[in-house]
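The values are calculated or read from the model by the stated rules, or taken from the named source; none is laboratory data. Nothing here was measured: the structure is a model prediction, and the numbers come from that model. Cβ coordinates were reconstructed from backbone atoms using ideal geometry, including for glycine residues, and neighbour counts include every protein chain displayed.
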Amino acid sequence: MRRYQNLIIIGTSHIAIESIADVKSSILKSRPDIVALELDSLRLNAMLSGRKRKLSVRDILKLGVKAYLFSIIGAWIEERLGKLVGTKPGDEMKIAIETAREINAKIALIDQNINVTLAKLSKSITSKEKLRFLLEIIKAIFIRKPVIQFDLRKVPSRELIKTLVKKLEKDYPSVYRILITERNAYMSKSLYKLMLLNKTIIAVVGAGHEDGLIEQIKCLQQKNQSIS
C-alpha cells in the first residue's frame, strides 16, 4: 500500500486471497469518497457478467492475432493459478466494487480501453519476445519447480515485485512498455484528475503499478506547477 496526499494505492495480486481481504478492510477503514479500479468498461462488464468475452473474427483481425493469443494464454494461466488458491482473477476488483457501494463511494474506472492495449501489443511484440514466451511456457510444462518461488495466496513483497518487473522489462521490453509504462501514464492521468477534486481516493491496481503511478503523478504535478 502506498499513500500520497489524498490518494491511497493498494497493490494487489489478481489471484491472491490476501488481496481480497486487504482491499475490503482498507476501504472500510479509510471510507474514501472514490474507489478507482484498474479496469475499463469492457473488462468491468465482462467481469461482472461472469462470461468470458467472445470476439468475432473481425475483432480478432482488428486487434491482431498475436495480441489475441497472448491475452488467451495470459487469462488461462491466471485462471489455473487462481484455482490452486481458491480464487478467480478479478475477485479483488469485485470486492472493491461491493465495498464501495456499501459505503456509498463513487467508482472510477482508470485503465485504458483493453482493445487499445491489445492492438498496441500486437503491433509491438517482437519475434524474439514471442519465441522467448513460447520457450518459457514449454519450460513451465516440463519443469515443475519455478526459478522464483512465492506464495500465490499472498501479494509478493515489494522487493520481489521489483525483481519481477525488472525481469519483464529485460526479457520483454515491448510488453513492458505497453502493459506497464504506457498504462501507468494513462492511469496516472486518470488518478491525477480525481485528486484535483480534493476527495479521498483508494486505487486498486496490480502491485507492479504502484511505484510507477506515484512517480507519474508527481511529474504531472510538477508540470502543472511550472505552467501556473
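Values as computed for the structure displayed
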read-out: One residue from K88, K94, K145, K123 being basic (K, R), at pLDDT below 90 and part of a helix (DSSP H, G or I); value: K123
read-out: So L191, is it over 25 Å from I125 (Cβ atoms) and either within 12 Å of the chain's Cα centre (by Cα) or buried (at least 18 other Cβ atoms within 10 Å of the Cβ) (or both); value: yes
read-out: Any chance A21 is more than 22 Å from N104 (Cα to Cα) and surrounded by fewer than 19 Cβ atoms within 10 Å (Cβ to Cβ); value: no
